[in-house]
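Structure first, then comments.
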Amino acid sequence: MAGGVTNRRAERRSSTVHGTVLVVDDEADIRELLQLSLVRMGLGAECAGSLAEAKNLLESKQYDLCLTDMRLPDGDGLELVRHVGAHRSDLPVAVITAFGSTENAVAALKAGAFDYVTKPLSLDQLRALVRSALSLPQKSAAIRSGEHQLLGVSPGIEHVRLMIEKLARSQAPLYITGESGSGKELAARLIHEKGARRDKPFIAVNCGAIPDNLVESEFFGYKKGAFTGAEADRDGFFQAANGGTLFLDEVADLPLAMQVKLLRAIQEKHVRKVGATVEEPVDIRFICATHQNLAARVESGKFRQDLYYRLAVIELRMPSLRECREDIPLLADAILRRLSASHGAQPAQLSDGATQALAAYDFPGNARELENILERATALSASKIIQPADLQLGTQGLGQRETAEVGSRWPLQEYLDRVEKEAIIEALEKTRFNRTAAAKLLGITFRALRYRMERLGIQ
């Protein structure tokens with residue numbers, strides 16, 4: 001009877017329905033409660049009590065979201081997730097279960113679930129889940145990504161591009177691996193921009209650039225008077241990323257004490273500012289990255305295993321540039337165009353010899369090194385045609401890793417200025433252009449850094 005009443009209410013409110021949800025649970029009271037909650041949110045809701053019933057409904061009707069229990073009388077939620085992935089890949093499926101465990105969560109998310117939550121599910125959690133799922137763009141829709149593009153036609157890049165499309169339709173925590181300069185942050189931004197949180201903040205944090213004594217306050221914020229210098233309330237990275245994505249770059253560098261607090265914040269979805277007495281809720285998707293072997297860090301006791309399992313639910317590996325040599329001319333052309341646009345000039349071009357030299361080089365610094373090489377070559381070239389000598393890759397051993405440090409060393413002052421400028425720019429990039437943190441990383445005072453930047457013309 002209660003179910004009939006709920007259905008009649010749904011019919012009366014059909015003018016406000018913005019989507020239809022399929023609820024799959026073997027307990028009638030849970031089905032009715034979820035259905036009633038969804039109807040009050042202005043959604044249509046239909047129910048199934050078994051896996052077979054759910055499959056039948058999916059064959060005959062269209063839905064915008066599926067909520068399924070993990071344990072069903074004739075199967076489990078994972079089977080339904082896989083069925084939807086095979087037959088209705090555009091339909092997001094969230095697994096709701098009273099038997100929550102890390103193993104089940106990982107299995108569900110790897111099977112393609114949009115999200116995984118445990119009972120009891122609060123109304124706020126349900127609203128956030130539904131809002132995110134119904135905000136997913138259609139796969140065929142064009143996604144605005146501004147200047148963020150993943151260039152390349154090599155098999156490695158094509159695979160990454162397909163994975164980004166798939167991972168953008170999930171709320172699962174992601175772990176992006178790859179060498180320095182391979183584009184880990186770019187992949188994270190694209191996943192954010194193609195997902196349900198695309199209109200919310202994307203906050204990138206370089207974990208290795210934050211002094212240990214400031215990590216907690218930077219992540220969680222602080223209250224006025226919490227410590228010397230805390231002259232006003234301040235939000236942290238968690239509050240800034242609320243509703244969106246928090247990208248933890250070089251997560252392996254987090255101190256162990258902070259790892260414990262980060263784990264709790266991820267599990268509880270609440271954070272407490274330094275000096276505060278109450279916690280505040282946060283809704284964040286986590287993407288982490290590091291060029292280090294995080295599993296090896298766990299084995300050595302330098303990274304918590306429980307945090308590793310929370311963050312590294314799904315792994316995305318970014319290929320090195322030397323694995324995608326056929327993409328080098330395309331990337332070089334895009335970089336040269338961007339460099340020329342910033343100066344309002346015609347883009348420089350690579351000679352055939354320069355193209356061959358780049359194709360033979362190993363690029364230990366990957367795409368970031370390619371950009372540095374081309375920026376230097378553009379500045380030093382006497383014409384708009386870049387020659388092999390302008391690249392300063394060395395005259396012997398092209399393709400060997402050690403040639404990254406070989407170049408013109410004369411006159412001495414010019415060479416030293418160039419090395420110093422590259423070191424400062426690298427430190428600024430690593431610290432998101434936080435000059436105080438960059439100075440600390442370089443081992444010099446802030447005043448000395450400012451002087452050197454002015455002398456070298458670094459803006």
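Among all residue pairs at least 6 apart or on different chains, which show Cβ distances below 6 Å where the first residue, located in region 24-39, is in the same structural domain as V84 (by TED's automatic domain parsing) and the second is β-branched (V, I, T) and at pLDDT 90 or above?
Every condition considered, the pairs that remain are V24/T68; R31/V23; L34/V23; Q35/V23; L38/V21.
Given the condition under 17 Å from C207 (Cβ atoms), in contact with a Gly (Cβ under 7 Å, 6 or more places away or on another chain) and modelled with pLDDT under 95, answer yes or no: does some residue in region 254-268 qualify?
no
Going by the conditions given, is R317 in contact with a Gly (Cβ under 9 Å, 6 or more places away or on another chain) and modelled with pLDDT of 90 or more? Give the steps one after another, and end with the answer.
Details: in contact with a Gly (Cβ under 9 Å, 6 or more places away or on another chain): yes; modelled with pLDDT of 90 or more: yes.
Yes, satisfied.
Residues in region 16-24: is at least one at pLDDT 90 or above, part of a strand (DSSP E or B) and either among the polar types (S, T, N, Q) or over 20 Å from S170 (Cα atoms) (or both)? Full working, then the answer.
Restricting attention to region 16-24, the residues satisfying the condition of being at pLDDT 90 or above are 20-24.
Now drop any that are not part of a strand (DSSP E or B), which leaves 20-24.
With either among the polar types (S, T, N, Q) or over 20 Å from S170 (Cα atoms) (or both) added as a condition, the list becomes 20.
Within region 16-24, one or more residues are at pLDDT 90 or above, part of a strand (DSSP E or B) and either among the polar types (S, T, N, Q) or over 20 Å from S170 (Cα atoms) (or both).
Output yes when any residue across region 241-250 is on the phi < 0 side of the Ramachandran plot, in contact (Cβ under 8 Å) with a residue 60 or more places away in the chain and of a type outside the set (F, W, Y), and no when none is. First the steps, then the outcome.
Step one: filter region 241-250 for residues on the phi < 0 side of the Ramachandran plot, giving 241-242, 244-249.
Now drop any that are not in contact (Cβ under 8 Å) with a residue 60 or more places away in the chain, which leaves 247-249.
Restricting the remaining residues to those that are of a type outside the set (F, W, Y) gives 248-249.
Yes; the residues of region 241-250 include at least one that is on the phi < 0 side of the Ramachandran plot, in contact (Cβ under 8 Å) with a residue 60 or more places away in the chain and of a type outside the set (F, W, Y).
Of these, L38, L123, which one is farther than 23 Å from L311 by Cβ, touching a helix residue (DSSP H, G or I) at 6+ places or on another chain (Cβ under 9 Å) and crowded, with 19+ Cβ neighbours inside 10 Å?
On the way: L123 fails: crowded, with 19+ Cβ neighbours inside 10 Å.
Going through L38, L123 in turn, just one is farther than 23 Å from L311 by Cβ, touching a helix residue (DSSP H, G or I) at 6+ places or on another chain (Cβ under 9 Å) and crowded, with 19+ Cβ neighbours inside 10 Å: L38.
Within region 262-297, which residues are assigned to a helix (DSSP H, G or I) and within 22 Å of Y116 (Cα to Cα)? Can you show your working first?
At the first step, the residues of region 262-297 found to be assigned to a helix (DSSP H, G or I) are 262-268, 294-297.
Hits for region 262-297 are L262, L263, R264, A265, I266, Q267, E268.
Which of the residues spanning region 294-316 are within 25 Å of G156 (Cβ to Cβ), in contact (Cβ under 8 Å) with a residue 40 or more places away in the chain and surrounded by fewer than 16 Cβ atoms within 10 Å (Cβ to Cβ)?
Passing the criteria: only E315.
Looking only at residues that are touching a Lys or Arg at 6+ places or on another chain (Cβ under 7 Å) and crowded, with 19+ Cβ neighbours inside 10 Å in region 216-228, which one is nearest to D90 (Cα to Cα)? Write out each step before concluding.
Narrowing region 216-228 to residues touching a Lys or Arg at 6+ places or on another chain (Cβ under 7 Å): 216, 220-223.
Narrowing further to those that are crowded, with 19+ Cβ neighbours inside 10 Å: 216, 220-222.
Numbers: E216: 39, F220: 35, G221: 38, Y222: 41 Å.
Here the residue is F220.
What about A196, is it hydrophobic (A, V, I, L, M, F, W, C) and either in a loop (DSSP other than H, G, I, E, B) or not assigned by TED's automatic domain parsing to the domain that holds I287 (or both)?
Values: hydrophobic (A, V, I, L, M, F, W, C): yes; either in a loop (DSSP other than H, G, I, E, B) or not assigned by TED's automatic domain parsing to the domain that holds I287 (or both): yes.
Yes, satisfied.
Let me confirm something: among E27, E46, which residue is modelled with pLDDT of 90 or more and more than 21 Å from L91 (Cα to Cα)?
After applying the criteria, what remains is E27.
Being within 18 Å of L129 (Cα to Cα) and surrounded by fewer than 21 Cβ atoms within 10 Å (Cβ to Cβ) is the filter here; which residues of region 45-62 pass it?
E46
What residue, of R297, R325, is farther than 30 Å from G353 by Cα and more than 20 Å from the chain's Cα centre (by Cα)? Show your work before the answer.
On the way: R325 fails: farther than 30 Å from G353 by Cα.
The match here is R297.
Within region 360-418, can you find the residues that are modelled with pLDDT of 75 or more, within 16 Å of R325 (Cβ to Cβ) and part of a loop (DSSP other than H, G, I, E, B)?
Y361, D362, F363, P364, G365, L393
I'd like to check something: does region 114-121 contain any residue that is at pLDDT 90 or above, touching a strand residue (DSSP E or B) at 6+ places or on another chain (Cβ under 7 Å) and assigned by TED's automatic domain parsing to the domain that holds V24?
Within region 114-121, the subset at pLDDT 90 or above is none.
No - not one qualifying residue is present in region 114-121.
Go through the residues of region 196-215 one by one and say whether even a single one is crowded, with 20+ Cβ neighbours inside 10 Å, in contact with a Phe, Trp or Tyr (Cβ under 8 Å, 6 or more places away or on another chain), within 30 Å of H159 (Cβ to Cβ) and charged (D, E, K, R).
no
For region 269-293, enumerate the residues that are touching a Pro at 6+ places or on another chain (Cβ under 9 Å) and without any contact (Cβ under 8 Å) to a residue 40 or more places away in the chain. Don't jump to the end; show me each part of the working.
Of region 269-293, the ones touching a Pro at 6+ places or on another chain (Cβ under 9 Å) are 269-271, 285-288.
Result: K269, H270.
Take region 321-354 and flag every residue that is among the small types (G, A, S) and not in a helix (DSSP H, G or I). First the steps, then the outcome.
Of region 321-354, the ones among the small types (G, A, S) are 332, 334, 340-342, 344-345, 348, 351, 353-354.
Residues satisfying the conditions are G344, A345, A348, S351.
The values are calculated or read from the model by the stated rules, or taken from the named source; none is laboratory data. Computed from a prediction, not measured in an experiment: that's the story for all the values here. Every residue, glycine among them, receives a Cβ derived from its backbone with ideal geometry; neighbour counts consider all protein chains shown.
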